[in-house]
Amino acid sequence: MDVRSYYRKVKDTEEALKGSEVVLVSLETPEGGKEGVRTEAPRAVAARMIAEGRARVATAETLAGVDAEQ
């Protein structure tokens, strides 16, 4: 992977995120990452995880499910 394109993707992703904290949902990864685990992360960390394909931003439906479980 080209280092410049990686950091450009991280920067663009971070600029697109709103707020200082972002709720993420993990994606399955070849290293053993489990899909569907929700977590809250700082915007910079969230951008890096999204750019690397390890997580996605939680949808409104996913967040509604969190409220129903508590």
Using only the Cα atoms of the stretch 27-66, build the gyration tensor, take square roots of its eigenvalues as a ≥ b ≥ c, and label the shape rounded, prolate or oblate: rounded if a/c is under 1.5, else prolate if a/b is larger than b/c, else oblate. oblate
Taking all protein chains as present, what is the carbon and sulfur share of the accessible area of the chain, in % to the nearest whole number, probe 1.4 Å? 52
Between ALA44 and ARG8, what FRET efficiency follows from the Cβ-Cβ distance if R0 is 22 Å, with the result rounded to 0.05? 0.90
Accessible area per residue, Å², the chain with all protein chains present, probe 1.4 Å: 73
Mean-square fluctuation check for the chain, GNM, Cα pairs under 10 Å: which of GLU14, GLU31, GLU52 is largest? GLU31
Helix-only CD estimate at 222 nm, as mean residue ellipticity for the chain, using -39500 (n - 2.57) per DSSP H run (n ≥ 4): -14500 deg cm²/dmol
Once a ≥ b ≥ c are taken as the square roots of the eigenvalues of the Cα gyration tensor of the chain, is the result rounded (a/c under 1.5), prolate (a/b larger than b/c) or oblate (a/b not larger than b/c)? oblate
Considering only DSSP states other than H, G, I, E and B, which trypsin sites (Lys or Arg not before Pro) in the chain qualify as loop sites with at most 15 other Cβ atoms within 10 Å? LYS18, LYS34, ARG54
If R0 = 25 Å, then THR29 and LEU63, at their Cβ-Cβ distance, give a FRET efficiency to the nearest 0.05 of 0.65
Under unit Cβ charges (Lys, Arg +1; Asp, Glu -1), what dipole magnitude, rounded to 20 debye, does the chain have relative to its Cα centre? 340
Length-normalised contact order of the chain, Cα under 8 Å, at least 6 apart, in percent, tallies to 32
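The values are calculated or read from the model by the stated rules, or taken from the named source; none is laboratory data. Quantities reported herein were computed from a predicted structural model and do not represent experimental measurements. Counting neighbours? That spans all protein chains shown, and the Cβs are built from the backbone with ideal geometry, glycine included. We work out accessible area using only protein heavy atoms, side chains counted, and drop any ligands, DNA or RNA first. Shrake-Rupley method; radii C 1.70, N 1.55, O 1.52, S 1.80 Å.
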